[in-house]
Amino acid sequence: MPKELISLYRDFKIKSLYTNFTIQEDRFKKIKSTGIYKLLESEFKEDIITGSLSLWLFGLLDFDRKVYDIDIITNKIISNLTFDDYGNISESLLGYKYYNYTKHIFFRTEIKVDFFENIGQDYIEYKGLKFNTPFNIIDFKMKMITDNQKHKNDLIYCFNSI
């Protein structure tokens, strides 16, 4: 783990003592108009939304950052999962699956959903959905930065967001 991130994370933790992490209503409204929200509401109401989508909703990632997939923490058994070994990034990674949704009659797209085993993560409920807490997500991303520049960039943005 790079030393500069450890230092930034320490400073972030100190600043967060005076911060109440809540879902940003303007961001929630933006996601509510997408297929991602329709999928969350129809398939994952009982599960915990985690990852970049959750961080974005808390206002810890750039407003213009695109969300390409959904990360879900679940207790359910999901059939037909695909598992790619990304160097064992997490023992709790169950695999992924693509879900189709139709935006309108002529437009259909797929959303990738990564599934993680629920090992007792904390969450915050907002408008009927459950969102993993920022610190849980950040701790997970800290473990993943050795392989992925995207996670490092997300963390730097998070740490400078408050």
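Please work out whether region 115-162 counts as rounded, prolate or oblate from its C-alpha gyration tensor, where a ≥ b ≥ c are the square roots of the eigenvalues and a/c under 1.5 means rounded, while otherwise a/b larger than b/c means prolate and anything else oblate?
oblate
In a shell of Cβ-Cβ distance under 13 Å around Tyr9, excluding Tyr9 itself, what net charge do Lys and Arg (+1) and Asp and Glu (-1) give?
My count for the surroundings of Tyr9 gives +3.
From the cross-link list Lys45/Lys130; Lys45/Lys143; Lys38/Lys130, which pairs have alpha carbons spaced over 18 Å apart?
Working: Lys45/Lys130 7 Å; Lys45/Lys143 27 Å; Lys38/Lys130 15 Å.
Going by Cα-Cα distance, Lys45/Lys143 fall outside the 18 Å limit.
Taking the 0 to 90 degree range and rounding to the nearest ten, how far is the long axis of helix 3-16 tilted relative to the main principal axis of the chain, both from C-alpha atoms?
Its long axis makes an angle of about 80 degrees.
Evaluate the relative contact order of the chain (contact order divided by residue number), counting alpha-carbon pairs under 8 angstrom at least 6 apart; express in whole percent. Walk me through the numbers before you get to the answer.
Details: 217 pairs, mean separation 45.2, N = 162.
That works out to 28 percent.
How would you classify region 6-93 from its alpha-carbon gyration tensor, with a ≥ b ≥ c the square roots of the eigenvalues: rounded for a/c under 1.5, else prolate if a/b is greater than b/c, otherwise oblate?
oblate
Give the residue list of trypsin sites (Lys or Arg not before Pro) in region 1-102 that are DSSP loop and have at most 15 other beta-carbon atoms within 10 angstrom.
Here the sparse-neighbourhood loop sites are Lys45, Arg65, Lys66, Lys76.
Treating the angle as unsigned and between 0 and 90°, give the value, to the nearest 10°, between the Cα long axis of helix 134-144 and the longest Cα principal axis of the chain.
Helix 134-144 sits roughly 90 degrees off the main axis of the chain.
Just grab the label-to-label distance for Phe63 and Lys29, each label 7 Å out from Cα along the Cβ direction, in nm (one decimal).
So the two model labels end up 1.1 nm from each other.
Could you tell me what percent of the DSSP beta bridges with both partners in region 3-159 are antiparallel, to the nearest 5?
DSSP beta bridges in region 3-159 are roughly 70 percent antiparallel.
To the nearest 500 deg cm²/dmol, what mean residue ellipticity at 222 nm is calculated for the chain from DSSP H runs of n ≥ 4 alone, each contributing -39,500 (n - 2.57), summed and divided by the residues?
-11000 deg cm²/dmol
According to the Cα gyration tensor, what semi-axes, each the square root of 5 times an eigenvalue, does the equivalent ellipsoid of the chain have, listed from largest to smallest in whole Å?
Taking √(5λ) for each eigenvalue gives 25, 19, 15 Å, largest first.
Read-outs throughout are calculated quantities, based only on the coordinates presented, and are distinct from any laboratory measurement. Keep in mind it's a predicted model, so treat the numbers as computed, not measured. Positions of Cβ are generated from backbone atoms using ideal geometry, with glycine treated the same way; all protein chains shown enter the neighbour counts.
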